[in-house]
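So the structure is just underneath, and the comments pick up after that.
Only the coordinates and a few stated rules stand behind these numbers; no lab work does. Small disclaimer: the values here were computed from a predicted structure and weren't measured. Backbone-built Cβ (ideal geometry, glycine too); neighbour counts: all protein chains shown.
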């Protein structure tokens, strides 16, 4: 899990940083810092994100492949 994947998951949901941060259980500034590579992902946040990712449909991985190409 890295900042790009976090951002891709957020974009896949179509959520703002504020809404997504509530889903993860952290502040929006934490999500922003993770997405921009300014902060390491703590074990707590990583566990939350892995659970969120596990619930995503296969469509996410197609989306993520394209997202990585344009980012």
Inset, instruction - Please work out which option in (i) 5.5; (ii) 5.1; (iii) 4.3 gives mean projected area of the Cα convex hull in nm² calculated from these coordinates, and answer with its label. - result: (iii)
Inset, instruction - Within the stretch 33-71, which residues have the backbone N less than 11 Å from the label spot 7 Å out from residue 2 along Cα→beta-carbon, could you tell me? - result: 37
Legend entry - Paramagnetic reach from residue 62 (point 7 Å along Cα→Cβ, amide N under 16 Å) across the stretch 9-51: 12-13
Legend entry - Theoretical FRET efficiency, 1/(1+(r/R0)^6), r = Cβ-Cβ of residue 70 and residue 38, R0 25 Å, to 0.05: 0.70
Inset, instruction - Can you tell me which of 20-31, 45-56 comes out highest on packing, and rank the rest after it, using the mean Cβ neighbours within 10 Å? - result: 20-31, 45-56
Inset, instruction - Output the relative contact order of the stretch 3-70, whole-number percent, from Cα pairs under 8 angstrom with separation of 6+ residues. - result: 37 percent
Inset, instruction - Work out the FRET efficiency for residue 51 and residue 29 from their Cβ-Cβ distance, taking R0 = 22 Å, and round it to the nearest 0.05. - result: 0.50
